[in-house]
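Here the structure is laid out as structure tokens; the discussion comes afterwards.
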Amino acid sequence: MLEHVYFIRMYFPSYSFLLPIICKTLFFLLCTHQELFAQSPRARELGIEIGILPTGALNAITDVAGVKVGHVTLVEDEHIRTGVTAILPHPGNIFQEKVPAAMYLGNGFGKLMGYSQVEELGNIETPIILTNTLSVPMAAEGLIDYTMRQPGNERVRSVNPIVGETNDGRLNDIRGRHVRPQHIIAAIEKAKDGAVAEGAIGAGTGTICFGFKGGMGTASRKLPKEVGGYTVGVLVQSNFGGVLEIDGVPVGVELNQYYMQDQLTSSDSADGSIMVVLATDAPVDSRNLKRMAKRAVMGIAKTGGIASNGSGDYVIAFSTFEQNFVTYTADTSVYEPILLRNAEMSPLFLATIEATEEAIVNSLIASSGYSYKGVKGLPVEKVQELMKSYGRE
């Protein structure tokens, strides 16, 4: 790139004013190229199949009908590496048709906004936004702006924005607070169904996981018809640490990169965070959604996460079963949901554990081509060799 700059300066001095623009454009293209690397492959493309249940068609949270995901990625100069990810439980007016929901805290060192009202009322009324720690207030402002502008919400005077975060301060100029309300609205408006981009994108742009580049990851499970045929989808923002395992293989130990290893520096601690967003089309209420959310923490543990002192491990779970939507205005004073019996929940628990584990692994593998500020992506070729040596073929 520098050779091009010198060429322009020497032979076209009258165009020197363009140099900053050219440099920034070239840098942006390099970063975009890096992001393209960050979005492939996935675990199953490498022969890594986690669990026993079948995946949905996309193996993504969007296998749950109606769910949409949108990313806005901020990559500028050598400092800014952050972004926003929006998750929409359904394509309608979520404030007017709230969805049953619950949250669970594996470890509470975090800034999850909106928790108390969800805990109290058992539903969410906005899209879910994921971003970085110091951008939570801006994200809430964007969510409130979006909600109040929606047709039908002209008289709304209270909004409970749902914003989760992880700290991307090692790779990103987090103190600069570069995420603005317009980025939140853009992520919501870009949200779509279909395949979900993974890796160093959106809210996962600047995250680190197990000392490797983390990011966004997703997976799903489809239950057999005999046990309901329901779908469970998971999306993660991975930014935590511990001793990495993939499908039971001690990858972190074998690669000599894990928490409490003598050679590691203090910057490779297990502190960090993970946000898990869990969606299902099963007819479950907030109580059983919280039970599912607890199992997501088991999925985190299966990858080697330890929920360290400085880690915020949060799960947001919701159901898209339409007959159980909570309408803002109603003709009756009685709410009559259709609910699965407790005895029917175990298959959903297993689906949650498997999808969470695989979503985390996908977030790491999708970022395998990353290298920035000393943080590199997971070396997938070495991982493949390890998986084979442990009989995972």
### Task
Report ³J(HN,Hα) in whole Hz for each residue of region 279-287, in order, from the Karplus equation J = 6.51 cos²θ - 1.76 cosθ + 1.60 where θ = phi - 60°; Gly and Pro get x.
10, 8, 9, 6, x, 10, 9, 4, 5
### Task
Name the residue, out of 350, 289, 46, whose mean-square fluctuation peaks in a Gaussian network model built on the chain with Cα pairs under 10 Å.
46
### Summary
When the chain is treated as a Gaussian network with springs between alpha carbons less than 10 Å apart, the largest mean-square fluctuation among 166, 329, 352 is found at 329
### Message
For the chain, place one equal point scatterer on every Cα, skip the solvent, and apply the Debye formula. What is log10 of I(q)/I(0) at q = 0.12 Å⁻¹?
### Response
-0.87
### Query
Taking the DSSP beta bridges in region 239-340 as the whole, what percent of them are antiparallel, to the nearest 5?
25
#### Entry: Under-5 Å amide H pairs with residue 165, H placed in peptide plane, nonlocal only
111, 131
### Query
Once a ≥ b ≥ c are taken as the square roots of the eigenvalues of the Cα gyration tensor of region 229-360, is the result rounded (a/c under 1.5), prolate (a/b larger than b/c) or oblate (a/b not larger than b/c)?
prolate
### Task
Determine ³J(HN,Hα), in whole Hz, for all residues of region 329-341 in sequence, where each value follows from phi through the Karplus function 6.51 cos²θ - 1.76 cosθ + 1.60 and θ = phi - 60°; x replaces Gly and Pro.
10, 9, 8, 10, 8, 10, 9, 10, x, 9, 10, 5, 6
### Query
Under a 5 Å amide H to amide H cut-off, with H placed in plane at 1.01 Å, what residues pair with residue 242 once short-range neighbours are removed?
210, 259
## Note on the structure
Here region 381-390 yields Karplus 3J(HN,Hα) values (6.51, -1.76, 1.60; θ = phi - 60°; whole Hz; Gly and Pro given as x) of 5, 5, 4, 4, 5, 5, 4, 5, 5, 9
### Query
How many percent of DSSP beta bridges within the chain run antiparallel, rounded to 5?
75
### Query
Cα centroids of region 294-324 and region 144-195: how far apart, whole angstrom?
21
#### Entry: Accessible area of region 324-393 divided out per residue, in Å², using a probe of 1.4 angstrom
52
#### Entry: Spin-label model distance (nm) - residue 93 vs residue 155, 7 Å beyond Cα toward Cβ
1.1
### Message
Helix-only mean residue ellipticity at 222 nm, the chain, DSSP H runs n ≥ 4 weighted -39,500 (n - 2.57), per residue, nearest 500. What is it?
### Response
-9000 deg cm²/dmol
#### Entry: Heavy-atom accessible area per residue - region 45-197, 1.4 Å, Å²
42
#### Entry: Cross-link pairs 302/382; 68/222; 68/302; 302/373; 111/294 - those with Cα-Cα distance over 23 Å
68/302; 302/373
### Query
Around residue 90, with a cut-off of 9 angstrom between Cβ atoms, what is the net charge of the other residues, counting Lys and Arg +1 and Asp and Glu -1?
-1
### Query
When the accessible area of the chain is computed with all protein chains present and a 1.4 Å probe, what percentage of it is carbon and sulfur?
54
### Query
Among 358, 49, 154, whose mean-square fluctuation peaks in a Gaussian network model of the chain (Cα, cutoff 10 Å)?
154
### Task
Return the whole-Å distance between the Cα centroid of region 348-393 and the Cα centroid of region 53-108.
20
### Message
Please list, ordered by chain and number, the residues whose modelled amide H lies under 5 Å from the amide H of residue 124; skip anything fewer than 5 residues away on the same chain.
### Response
99, 101
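The values are calculated or read from the model by the stated rules, or taken from the named source; none is laboratory data. Since the model is a prediction, treat every value here as computed from it, not as a measurement. Cβ sites come from the backbone with ideal geometry, for glycine too, and all protein chains shown count toward neighbours. Areas reflect the complete protein model, heavy atoms only, side chains present, ligands, DNA and RNA absent. Shrake-Rupley method; radii C 1.70, N 1.55, O 1.52, S 1.80 Å.
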